[in-house]
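Working notes, beginning with the structure itself.
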Amino acid sequence: MQASISTFNKQHPAFPSEFDLVVLTNNKGLIVTLSSYGASIWSVEHIGDDGVKVPLTIGYQQIEDWATNPYYFGVTVGRVANRIGQSRFSIGEEQFKLIENEGPNQLHGGPGGFSHRIWRTETKTNDDGVSAFFHLESADGDQGFPGTLHTSVEYRLTNDNELIINYHAVCDKTTPICLTNHTYWNLSSDELSGILYHHLQINADNILALDDQQIPNGDIQSVSNTCFDFRQPKLVGVDICEPSNGYDHYYIVNDHKADQLNFVAKLTDEASGREMEILSTEVGVQFYSGNFLDGSYRRENGEFINKHQGLCLETHGYPNAVNIEHFPTTIVEKNTPYTQTTVHRFKHL
């Protein structure tokens, strides 16, 4: 088997216009299906020596569900991932009011954020695999953010079973930029199984403390002697009832070194032996345990998508950093490139 790229142009009345599906395949049987709608991952699958295709992510059964995508399956999130408290922030003396979409707050870039846009597509064959690039222009004032922003996302699938996501953006005004991917992972061979019996390790001594609306309040909280301690591999389900509604928390990566890949997390399904390591240039990761998957939609196998059937490990900057001065800033100066790289390294497939 050789690495390959296939591109399909799609039309469907649920989508605002034509969009592309791109299928990346490496020489080890790993298959990544991408969509230009939301610059998103629709699926990651593996074909083993027995010829059986095993999904490593969860997605929708009906194509029209991808158009609304209430669970944010697989999308590129932007301009700013996670939550901005009260949907407002300031740059210097200038105040900006954003479009709300989670109570008074803005979540994942607003109701018309990057996850609900058609991106321009191109593909490329590399020495070590194959790539798909998605490009988007976001106008000045989009969702309340200043400046015209040009964003590119590259998904590179290597023959070493690495899925690398490279982000690049530049804006003609000073503006917040904080991008991530929102794929839900489930490495189990049992399609009915959720993620409670996955082992998870997160390289973090601390998390951000939250208020009652899931907004970081500026405090740092140690994971020691709490349910949030994943410094050693631990079953996801062991302490999941201790947080009020499961995990949806931001972990600060230990010993982060700028502009290089740092070990973030490792997810393991011991029944199958499958493992995924995450490395990133980002300072932290949002661990979300699929708490709001409510059975309203069906996944590819026809089963309802229920709570804790998949989990997200979203590498990005501190949430609500635009409103907390001592957090590492997510404000990027005008005409200054923003870059981010996250690597998903699969083992024992």
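Quick notes on this one:
- Options Val75, Val80: the member that is buried (at least 22 other Cβ atoms within 10 Å of the Cβ), touching a Pro at 6+ places or on another chain (Cβ under 7 Å) and either farther than 22 Å from Asp142 by Cα or touching a residue at least 40 places away in the same chain (Cβ under 8 Å) (or both): Val80
- Of all residues in the stretch 104-131, those being outside any loop (DSSP other than H, G, I, E, B) and more than 17 Å from Leu149 (Cβ to Cβ) number 11.
- Unique residue being among the small types (Gly, Ala, Ser), loosely packed, with under 15 Cβ neighbours inside 10 Å and in a loop (DSSP other than H, G, I, E, B) when the list is Ser193, Ser224, Ser188: Ser224
- If you go through the stretch 231-262 and keep only what is in contact (Cβ under 8 Å) with a residue 60 or more places away in the chain, within 17 Å of Asn186 (Cα to Cα) and assigned to a strand (DSSP E or B), you end up with just Gly246.
- Pair list, Cβ < 7 Å and 6+ apart or interchain, from the stretch 6-29 residues that are farther than 19 Å from Gly74 by Cα to residues that are surrounded by 17 or more Cβ atoms within 10 Å (Cβ to Cβ) and at pLDDT below 95: Asn26/Ala3; Asn26/Gly129; Asn27/Ala3
- Pair list, Cβ < 7 Å and 6+ apart or interchain, from the stretch 313-329 residues that are surrounded by 16 or more Cβ atoms within 10 Å (Cβ to Cβ) to residues that are among the basic types (Lys, Arg) and outside any loop (DSSP other than H, G, I, E, B): Pro319/Arg83; Asn320/Arg83
- Some residue of the stretch 155-167 being closer than 26 Å to Lys10 by Cβ, out of contact with any helix residue (DSSP H, G or I) (no Cβ under 7 Å at 6 or more places or on another chain) and modelled with pLDDT under 95: no
The values are calculated or read from the model by the stated rules, or taken from the named source; none is laboratory data. Every value quoted in this text rests on a predicted model; they were computed, and no experiment measured them. Quick reminder, even Gly has a Cβ in these numbers, built from the backbone with ideal geometry, and neighbours come from all protein chains shown.
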